[in-house]
Amino acid sequence: MEVLLVDDDSAVRQAVGKALGRAGFEVTAVDNGLAALAAIQTHSFAVVVTDIRMDFLDGIRLYQELEAEFPELQERVVFVSAWTEDPEVDAFVRRTGRPLLKKPFELADLLKLVRATAAAGAKRAESYIPFSPGEAAELRTMGLRSGGNLACPRCGGALSVRSVAYQDQAAGWELRCHLCRRSLAVLPVLRPGERVEADRSAEHEPR
């Protein structure tokens with residue numbers, strides 16, 4: 001089973017990722033919610049373990065995006081946070097009804113929650129269909145184009161493009177289809193000097 005780990009603390013990603021791997025899970029670890037959404041579009045995750053307070057796109061906004069675009073994943077979320085006494089965080093977690101572990105937490109407690117969440121999802125036989133590698137590659141290249149009409153590779157509907165950035169350290173594009181009414185991509189998250197590399201990687205994606 002695949003687990004998506006979302007945390008902006010590299011030490012947490014390393015420790016938790018290693019523990020999940022030893023427990024038999026395949027782990028995809030990212031440092032922000034935008035990267036998490038991009039991963040969700042191309043992988044089928046049994047569980048999403050996410051921090052709440054993060055730069056770029058935090059756990060609250062990530063969960064809201066899942067509610068709107070990937071409702072099958074709502075019941076697969078496990079929250080971790082050092083801000084458990086924050087009124088906003090407390091109210092949000094209560095509304096979702098999802099489990100929350102306070103940092104620092106015992107890895108054994110997290111593994112127990114992840115196993116239980118994965119088992120519950122498997123029992124309900126819930127699943128979602130991610131984009132194919134070809135669709136994902138086409139969407140990635142759309143974020144690098146200037147001008148022209150963009151069409152959804154899945155249904156052909158018109159796409160709107162929204163630029164997103166955080167303190168000039170990274171940039172990307174969110175593409176939303178007006179026919180599917182789904183957020184199709186947050187692509188790519190680029191840092192200064194990475195545009196050429198992103199162009200080349202998109203050209204070599206399988207189609």
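Every number here is computed from the coordinates shown, using simple stated rules; none is lab data. This structure is a prediction, so every number in the text was calculated from the model and none was measured. Glycine gets a Cβ as well: all are built from the backbone with ideal geometry, and neighbour counts include every protein chain shown.
For Ala29, the residues 5 or more places off, or on other chains, whose built amide H falls under 5 Å of its own are Leu5.
By definition, a body whose alpha carbon gyration tensor gives a ≥ b ≥ c is rounded when a/c is under 1.5, and the range 2-124 falls into this rounded group. Taking Cβ atoms as reference points and 13 Å as the exclusive limit, the residues near Val27 contribute a net charge of 0, counting Lys and Arg as +1 and Asp and Glu as -1. Highest mean packing first, where packing is the average number of other Cβ atoms within 10 Å per residue, the peptides 3-11, 27-35 line up as 27-35, 3-11. Here the 3J(HN,Hα) profile of the range 29-41, calculated from phi with Karplus coefficients 6.51, -1.76 and 1.60 at θ = phi - 60°, is 10, 10, 9, 7, x, 5, 5, 5, 4, 4, 5, 4, 6 Hz, Gly and Pro shown as x.
Which order do the peptides 84-90, 110-116 take when ranked by the mean count of other beta-carbon atoms within 10 Å per residue, highest first? Write down the numbers at each step before the final one.
Working: 84-90: 13.0, 110-116: 17.4.
So the peptides 84-90, 110-116, ranked by packing, come out 110-116, 84-90.
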